[in-house]
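Peer 1: Here it is, the structure in full.
The values are calculated or read from the model by the stated rules, or taken from the named source; none is laboratory data. Quantities reported herein were computed from a predicted structural model and do not represent experimental measurements. Quick reminder, even Gly has a Cβ in these numbers, built from the backbone with ideal geometry, and neighbours come from all protein chains shown. Ligands, DNA and RNA are excluded from the accessible area calculation, which covers all protein heavy atoms including side chains. Shrake-Rupley method; radii C 1.70, N 1.55, O 1.52, S 1.80 Å.
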Amino acid sequence: MLSQKPPSLTFTKVLCPQSIADSLGGRLPPKGSKVGLLGGSFNPAHKAHCQISKEALVHLGLDEVWWLVSPQNPLKDTKGMAPLAERVNSALSIPKHPKVRVTTIESQVRSVYTADTLSRLKQIFPWVDFTWLMGADNLSQIPLWRDWQDIFNTVKVAVFARPGYSLQAANSKAARRFRNVRVSEKLARSLSTRVAPAWTIIHGQQLDISSTAIRNGKRKD
């Protein structure tokens, strides 16, 4: 895959194939694509984002991973949040797998809530198989997200172990609520063939890195 064009930072009121493609870095996904979605502020992007993406490509057999650079995380203070353009540039500049795409599609569809974003993406791309990707720390606090159960009912979900969060995540409210549709890690590659709700936990390489720590100068990774 060629290196992507920067996603658009200019958004139209009326969606069209061109505006959507621009927010994805210039092209639409082919029919039948298996795409992982990694949402976040990317304030800034770091190695753990790259690691989760790489693990997803390998363990889930995905064709691509899209980084959804959020206009604004509703659960995070706007104080200390870099402008969208700066966060997009951070995501573009960090070395990553060539199948990872940086996008501004949440800004284009005017969504700050994951459940809404996923619903819109399913409408726009009915020919794409989506899997939501997130760290184990987010699984523990996902009941704070608006319409969080709709996320599991809309797309498949893959959770990636994070240092200090794995046990907590496995016993979380979300894990208990959807325990009957959890897929064994050994069968993670079959997730794309299943109908939502279906989810799994993947234990790959775990990096103890966060955007907050980087902003606070605790790490330089």
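Peer 1: Given the structure, is Leu37 more than 16 Å from Asp129 (Cβ to Cβ), assigned to a strand (DSSP E or B) and either open to solvent by less than 10 Å² (accessible area, probe 1.4 Å) or among the charged types (D, E, K, R) (or both)?
Peer 2: On the way: more than 16 Å from Asp129 (Cβ to Cβ): no; assigned to a strand (DSSP E or B): yes; either open to solvent by less than 10 Å² (accessible area, probe 1.4 Å) or among the charged types (D, E, K, R) (or both): yes.
For Leu37, the condition - more than 16 Å from Asp129 (Cβ to Cβ), assigned to a strand (DSSP E or B) and either open to solvent by less than 10 Å² (accessible area, probe 1.4 Å) or among the charged types (D, E, K, R) (or both) - is not met.
Peer 1: A further question follows. I'd like the full set of residues that are more than 15 Å from Asn73 (Cα to Cα), in contact (Cβ under 8 Å) with a residue 12 or more places away in the chain and part of a loop (DSSP other than H, G, I, E, B), limited to region 110-146.
Peer 2: Phe125, Trp127, Val128
Peer 1: Filter region 186-197 for residues that are outside any loop (DSSP other than H, G, I, E, B) and without any contact (Cβ under 8 Å) to a residue 24 or more places away in the chain; which is surrounded by the most Cβ atoms within 10 Å (Cβ to Cβ)?
Peer 2: Going through the qualifying residues, I end up with Ser190.
Peer 1: Right, next: Of everything in region 71-92 that's touching a strand residue (DSSP E or B) at 6+ places or on another chain (Cβ under 6 Å) and of a type outside the set (Lys, Arg), which residue is surrounded by the fewest Cβ atoms within 10 Å (Cβ to Cβ)?
Peer 2: Let us first name the residues in region 71-92 that are touching a strand residue (DSSP E or B) at 6+ places or on another chain (Cβ under 6 Å), namely 87-88, 91-92.
Those left that are additionally of a type outside the set (Lys, Arg): 88, 91-92.
Values: Val88: 23, Ala91: 26, Leu92: 19.
Per the criteria, the residue is Leu92.
Peer 1: List every residue pair whose Cβ atoms lie under 6 Å apart, where the two residues are 6 or more positions apart in sequence or sit on different chains, the first residue falls within region 3-17 and is under 15 Å from Leu68 (Cα atoms), and the second residue, located anywhere, is of a type in the set (Lys, Arg) and open to solvent by less than 90 Å² (accessible area, probe 1.4 Å).
Peer 2: Partner pairs satisfying both residue conditions: Gln4/Arg101.
Peer 1: Yes or no: region 93-107 includes at least one residue that is free of Cβ contacts under 8 Å to residues at least 60 places away in the same chain, in contact with an Asp or Glu (Cβ under 6 Å, 6 or more places away or on another chain), assigned to a strand (DSSP E or B) and crowded, with 19+ Cβ neighbours inside 10 Å.
Peer 2: First pass over region 93-107, keeping only residues free of Cβ contacts under 8 Å to residues at least 60 places away in the same chain: 93-97, 100.
Right, trim to in contact with an Asp or Glu (Cβ under 6 Å, 6 or more places away or on another chain) and you get none.
Checking region 93-107: not a single residue is free of Cβ contacts under 8 Å to residues at least 60 places away in the same chain, in contact with an Asp or Glu (Cβ under 6 Å, 6 or more places away or on another chain), assigned to a strand (DSSP E or B) and crowded, with 19+ Cβ neighbours inside 10 Å.
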